[in-house]
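> Got a structure here, written out as structure tokens. Questions coming.
The values are calculated or read from the model by the stated rules, or taken from the named source; none is laboratory data. Here the structure is a predicted model, which is why all the values come from computation and not from measurement. We place every Cβ from the backbone using ideal geometry, glycine too, and count neighbours over all the protein chains shown.
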Amino acid sequence: MCFRVVPVFVALLALAGCAASPCKDRPPVRIQLLLVNDVYQLDAVAGRGGLARVATLVRGLRHETPHTLFVLGGDTLSPSVFSTLFQGRQMIEAWNALALPRAGRGRAPRPGWCASGAASG
């Protein structure tokens with residue numbers, strides 16, 4: 001039942017965006033969505049990437065478009081060696097430093113882990 005409602009909701013949402021705005025004096029607002037997923041390491045791999053690079057990109061994009069939503073799709077606490085040793089705390093602190101407002105749990109949460117902050121939701 002839920003899967004039948006989703007396409008109808010998306011279609012109605014798209015049509016609502018096409019409707020004439022009652023506030024002709026106000027320009028449209030640009031919204032930007034940024035999503036990352038499956039990030040297990042803080043450092044760059046083979047000289048590419050890393051959370052420092054992600055932080056630089058996110059700050060720049062947020063500066064260009066203030067209405068930016070940055071989310072983590074999940075799977076950030078394992079399977080790295082550091083996450084095993086620190087129970088994922090190093091990743092949670094890094095995401096919190098990036099002011100990550102939302103995070104998915106991922107497919108395989110570790111039993112007994114209690115994450116606070118960004119990676120808890």
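> Please indicate, with yes or no, whether at least one residue in segment 52-75 is of a type in the set (Ser, Thr, Tyr) and in a helix (DSSP H, G or I).
yes
> Do you know which of the residues in segment 65-77 that are touching a residue at least 12 places away in the same chain (Cβ under 8 Å) and more than 15 Å from Val36 (Cα to Cα) is surrounded by the fewest Cβ atoms within 10 Å (Cβ to Cβ)?
Residue satisfying both the conditions and the ranking: His67.
> Go over the candidates Val45, Val29 one by one and state the one that is surrounded by fewer than 10 Cβ atoms within 10 Å (Cβ to Cβ), more than 19 Å from the chain's Cα centre (by Cα), modelled with pLDDT of 85 or more and at negative phi.
Result of the check over Val45, Val29: Val29.
> If Gly50 satisfies every condition in (1) on the phi < 0 side of the Ramachandran plot; (2) surrounded by 11 or more Cβ atoms within 10 Å (Cβ to Cβ); (3) under 16 Å from the mean Cα position of the chain (by Cα) but one, which is the exception?
Unmet for Gly50, out of (1) on the phi < 0 side of the Ramachandran plot; (2) surrounded by 11 or more Cβ atoms within 10 Å (Cβ to Cβ); (3) under 16 Å from the mean Cα position of the chain (by Cα): (1).
> Among (1) surrounded by fewer than 10 Cβ atoms within 10 Å (Cβ to Cβ); (2) closer than 24 Å to Pro101 by Cα; (3) at pLDDT 80 or above, there is one condition Leu13 misses while meeting the rest; what is its number?
Result: Leu13 fails condition (3) only.
> Additional query: Is it the case that segment 62-72 has a residue that's touching a helix residue (DSSP H, G or I) at 6+ places or on another chain (Cβ under 9 Å) and over 14 Å from Ala99 (Cβ atoms)?
Among the residues of segment 62-72, not one is touching a helix residue (DSSP H, G or I) at 6+ places or on another chain (Cβ under 9 Å) and over 14 Å from Ala99 (Cβ atoms), which makes the answer no.
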